[in-house]
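Novice: My structure is below; once you've seen it, I'll send some questions.
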Amino acid sequence: MIGKKIDVEKLDLELMKEKTTENPGILPYAHHSGSALIKPEDKGKITGRAVAAMHSQTDMQMAQIYDQMQLLAEQAKKIKARVEVSERIYQASISFEPLINHRYFLYQKTDGMDFLSMIAPEEWGRKKDWAHFIAEIKLLADHTWEILRDNT
């Protein structure tokens with residue numbers, strides 16, 4: 001490619017200096033004809049996209065927090081149920097020392113008194129000593145009882 005040669009003697013360096021700057025990166029506009037095209041942005045569009053993205057992100061985070069709250073509420077209900085059944089069991093007649101992580105059975109006699117047994121409802125013979133089977137339970141390490149099978 002052969003082009004027109006530039007005659008350095010004819011260049012007006014002072015005029016060229018006025019058209020450029022020593023720090024072109026700080027100018028808010030293109031500083032010469034070869035610079036990148038700078039278009040003003042629509043600030044309303046930028047703000048609108050940013051606000052939409054913010055709402056999307058915060059909605060997602062709020063949904064996660066709501067799911068966590070539901071899980072915590074369910075766990076609290078289970079703990080409350082364990083405490084209630086534990087109180088009932090500790091008021092019942094227990095003729096042995098229950099061991100942690102062992103299964104037991106809670107019954108109600110005809111007189112309304114509860115009692116704890118190691119015998120499952122299907123293991124009783126003809127002479128059953130209870131009127132109503134309440135629950136199959138397991139003693140946990142914190143001395144609350146977990147309901148394994150509920151018959152109430």
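Novice: Can you find, within segment 95-130, the residue that is modelled with the highest pLDDT among those that are aromatic (Phe, Trp, Tyr) and more than 45 Å from the chain's Cα centre (by Cα)?
Specialist: Looking at residues that are aromatic (Phe, Trp, Tyr) and more than 45 Å from the chain's Cα centre (by Cα), I get 124.
Novice: Also, quick follow-up: Just one of (1) in a helix (DSSP H, G or I); (2) of a type in the set (D, E, K, R); (3) exposed (fewer than 14 other Cβ atoms within 10 Å of the Cβ) trips up residue 82, so point out which.
Specialist: Looking at each condition in turn, residue 82 falls short on (3).
Novice: Another question about this same structure. Restrict the check to segment 77-89 and report whether at least one residue is of a type in the set (A, V, I, L, M, F, W, C), under 16 Å from residue 151 (Cα atoms) and over 37 Å from the mean Cα position of the chain (by Cα).
Specialist: no
Novice: Taking the condition surrounded by 10 or more Cβ atoms within 10 Å (Cβ to Cβ) and at pLDDT below 75, does residue 24 pass?
Specialist: yes
Novice: So which residues in segment 100-152 are among the charged types (D, E, K, R) and not in a strand (DSSP E or B), if there are any at all?
Specialist: Within segment 100-152, 109, 111, 122, 123, 126, 127, 128, 129, 142 meet the criteria.
The values are calculated or read from the model by the stated rules, or taken from the named source; none is laboratory data. Bear in mind the structure is a predicted one, so any value in this text is a computation, not a measurement. Here Cβ is always computed from backbone atoms with ideal geometry, including for glycine, and neighbour counts include all displayed protein chains.
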